Amino acid sequence: MATSIAASQAGFPTAGTAGAVVVARSDLYPDALAGVPLAVQYDAPLLLSPSSGLPAATVAEIQRVLPAGRQVFLLGSTASLAATIDTQLLNLGYVPVRLQGATRYDTAIKIANALGDPHTVFEVDGTNFPDALSAGPAAAITHGAVLFTAGTSAAAPTTAYLAAHPDDVRYAVGGPAATADSSAAKLVGVDRYQTSMMVAQAFFNSPSVVGVASGLKFPDALSGGPAAALAGGPLILVPPDGPLPTSTQSYLSQIASSVLSGWVFGGTPSVSTLVANEVAQSLVLVPPSS
């Protein structure tokens, strides 16, 4: 949760400048994964919260970043974020807007509907988090939505949504989603790190910001994705203790001329100093030899 607050402060350093706030449960990932494009569309940070209620630090960040009277989107049912959170927000002068479905697949569709009529869909495995972490910023900058497959099988709510939107451009990010929807354009690497790099390479040719987060844990990346996307950059997954994959190093070197800053989300247990240094070294431009 502390990292989500730090990401909000990095993305919105000036108080009162957010258009909304998105809140998701801190110990479960599906709702937050689908919420990245929503946060970017509404110019909002994505803050994480325990199910039982908003901690004081999160309340303080909401009050810092968002003027009273604005919307706070709550992702998931009261089983994910208790009804007491709605009450907290009302008492603080905000307008809680809850987006919920019967399952994670339905909630993702509720979020897609809240985006209006996105014409791009990124399908990802809804039973695991890595591929969706990478897909979120790409969906955000293409004004698209993130929908879930049931691992390597199609999920009925997602299938119904796609059937109702036959003209949408579809990408399957990661092996399970590509198996579930063989007709989608595939972005599939040999592992989560190469898949992350392939998504970044496909949608972020010259970003001014690049975000980096652990590929083995989800909380830091959940909030880092919207922060990076709001700044126009990708979220790159890395192994916490290294080494940095060669393909990732190559991509970072390719975009070094456009990148003005790099953000590492999470402390050293999430991304070691060694890996952070490797990222920094990859982003350093080597002057041409004379």
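Before moving on, here are some points about what is shown:
- The chain, dipole about Cα centre (Lys/Arg Cβ +1, Asp/Glu Cβ -1), debye to the nearest 20: 300
- Given their separation in residues at 0.36 nm each and the Cα-Cα distance between them, residue 79 and residue 143 gain 20.2 nm when the chain is fully extended.
- Relative contact order (percent, whole number), the chain, Cα cutoff 8 Å, 6+ residue spacing: 17
- Gyration tensor (alpha-carbon) shape descriptor, the chain, a/c threshold 1.5: oblate
- Relative contact order (%) - criterion: Cα under 8 Å, at least six apart; region: region 61-169: 22
- Secondary structure note: in the chain, about 5% of the DSSP beta bridges are antiparallel.
- Highest to lowest packing among 90-101, 139-150, 218-229, 114-125, scored as the average C-beta count within 10 Å: 218-229, 139-150, 114-125, 90-101
- Computed from backbone phi with θ = phi - 60° and the Karplus coefficients 6.51, -1.76 and 1.60, the 3J(HN,Hα) list for region 30-44 is x, 5, 5, 4, 6, x, 4, x, 5, 4, 5, 4, 9, 6, 10 Hz; x is used for glycine and proline.
- Ordering of 127-138, 185-196 by packing [mean C-beta count within 10 Å, highest first]: 127-138, 185-196
- Pairwise Cα inverse-distance average, inverted: Kirkwood Rh of region 71-146 (Å): 13.5
- For residue 121, distant residues with modelled amide H under 5 Å away: 145, 169, 170, 171
- For region 211-252, the residues whose amide N sits under 16 Å from a probe point set 7 Å from the Cα of residue 14 along the beta carbon direction are 231.
- Of all accessible heavy-atom area on region 11-152, the percent that carbon and sulfur account for (1.4 Å): 54
- Table column - 3J(HN,Hα) (Hz), region 232-241, Karplus curve with 6.51, -1.76, 1.60, x for Gly and Pro: x, x, x, 10, 9, 8, 9, x, x, 10
- Accessible surface, region 80-150, averaged per residue in Å² (probe 1.4 Å): 34
- Centre separation in Å (Cα based) which lies between region 214-231 and region 13-47: 11
- Across region 181-190, computed HN-Hα scalar couplings (Karplus, 6.51 cos²θ - 1.76 cosθ + 1.60, θ = phi - 60°) run 10, 6, 8, 7, 5, 9, 10, 9, x, 6 Hz from first to last residue, x flagging Gly and Pro.
- Amide H to amide H distances under 5 Å link residue 263 with 210, 211, 212, where only residues 5 or more positions off or on other chains count and H is placed in the peptide plane.
- Calculated mean residue ellipticity, 222 nm, the chain: -12500 deg cm²/dmol, from DSSP H runs (n ≥ 4) at -39500 (n - 2.57) each, averaged per residue and rounded to 500.
The values are calculated or read from the model by the stated rules, or taken from the named source; none is laboratory data. Because the structure is a prediction, the values reported are computed rather than measured. Here Cβ is always computed from backbone atoms with ideal geometry, including for glycine, and neighbour counts include all displayed protein chains. Accessible surface areas use protein heavy atoms only, side chains included; no ligands, DNA or RNA. Shrake-Rupley method; radii C 1.70, N 1.55, O 1.52, S 1.80 Å.
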